[in-house]
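Undergrad: Okay, handing you the structure first.
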Amino acid sequence: MSKANIIRAWKDEAFRLSLSAEQRALLPANPAGAIELDDSQLEQVSGGSTGEDLCFATHTPGCLTK
């Protein structure tokens, strides 16, 4: 399998699932590692926002007033 198709298989689930079982078995592990999170991990995600940047982006009057 070409490098381009290996990368496509890593990125594109539909393409990966279209491969035969033998082809999928030959794929090297994705260097990004596992990408699935369970519910307890997702509950801890904050999105990287402090809230202040959202106030500036939305121009909300009185947002985060001290």
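Undergrad: For Gln44 and Ala14, compute 0.36 nm times the residue count separating them, minus their Cα-Cα distance, and round to one decimal in nm.
TA: Details: separation 30, 0.36 × 30 = 10.80 nm, distance 2.88 nm.
Extra length from Gln44 to Ala14 when fully extended: 7.9 nm.
Undergrad: Where in the stretch 12-35 does the label zone of Ile6 land, with the point 7 angstrom along Cα→C-beta and an amide N cut-off under 15 Å?
TA: Within reach of a label on Ile6, which here means backbone N under 15 Å from a point 7 Å along Cα→Cβ, the stretch 12-35 contributes 23-33.
No value in this document is a laboratory result; all are computed from the given coordinates. Worth saying up front: this structure is predicted, and the values here are computed from it rather than measured. Here the Cβ is made from the backbone with ideal geometry for all residues, glycine too, and neighbour counts use every protein chain on show.
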